[in-house]
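Structure, as structure tokens:
The values are calculated or read from the model by the stated rules, or taken from the named source; none is laboratory data. All of these numbers come straight from a predicted model, not from anything done at the bench. Glycine also receives a Cβ, built like all others from the backbone with ideal geometry; neighbour counts cover every protein chain displayed.
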Amino acid sequence: MRARDDAEFTEFAATMIRPLRRTAYLMCGDWHRAEDAAQDALVKVYRRWNRIERREGVKSYAHRAVVTSVLDQARKPWRRERPDETDEAALVAPDIGGPVDDRLLVIKALAQLAPSQRACVVLRYYNDLSVEETADILGVSQGGVKSQTSRGLDRLRELLGHTERSAS
């Protein structure tokens, strides 16, 4: 890679690491896995840097790579193992707006969605992507995105409607 391309990628990576990590966290609920997925996504982007369209193509490719990485991680048997001790760093919620209690409730509810529903809801409403962009990233039809998003939102409403909140 030329020095100019290397500098462009470094700037891109510095700008995108946090959004990619947050997207991954909202999809998997684990900061360590999210960090791994974001780094894996940036490695994939780096490998294809000279072949990706620079305008919106590179962001779309990075989002697709992080979603794929999270879904691939979930399929690996060793990822399903849970340590006996609770990792305090994994319990820290990302800064996604709203009171901390609400964020934790939403994150807990997101974790209960099917992976495809979770991916659609996160990409559409957290990353504010269009149906078309989400379909492109996930490699599904626009109708698939709409139905999975609708089912995911219905399930979130159900989960959040039945969740009791502590009175403060």
Discussion item. Residues that are among the aromatic types (Phe, Trp, Tyr), modelled with pLDDT of 85 or more and assigned to a helix (DSSP H, G or I): does region 55-69 have at least one?
Written reply: yes
Worksheet item: Can you tell me which residue in region 128-168 is farthest from the chain's Cα centre (by Cα), limited to those that are at pLDDT below 90 and of a type in the set (S, T, N, Q)?
Response: 168
Item to complete: Select from region 107-127 the residues that are at pLDDT 90 or above and of a type in the set (Lys, Arg) and write down the one among them that is nearest to residue 63 (Cα to Cα).
Response: 124
Worksheet, complete the sentence: The condition of being modelled with pLDDT of 90 or more, in a helix (DSSP H, G or I) and surrounded by 11 or more Cβ atoms within 10 Å (Cβ to Cβ) holds, among 14, 41, only for 41
Worksheet entry | Top-ranked residue of region 126-143 - restricted to ones that are without any contact (Cβ under 8 Å) to a residue 12 or more places away in the chain and in a helix (DSSP H, G or I), ranked as farthest from residue 37 (Cα to Cα) | 143
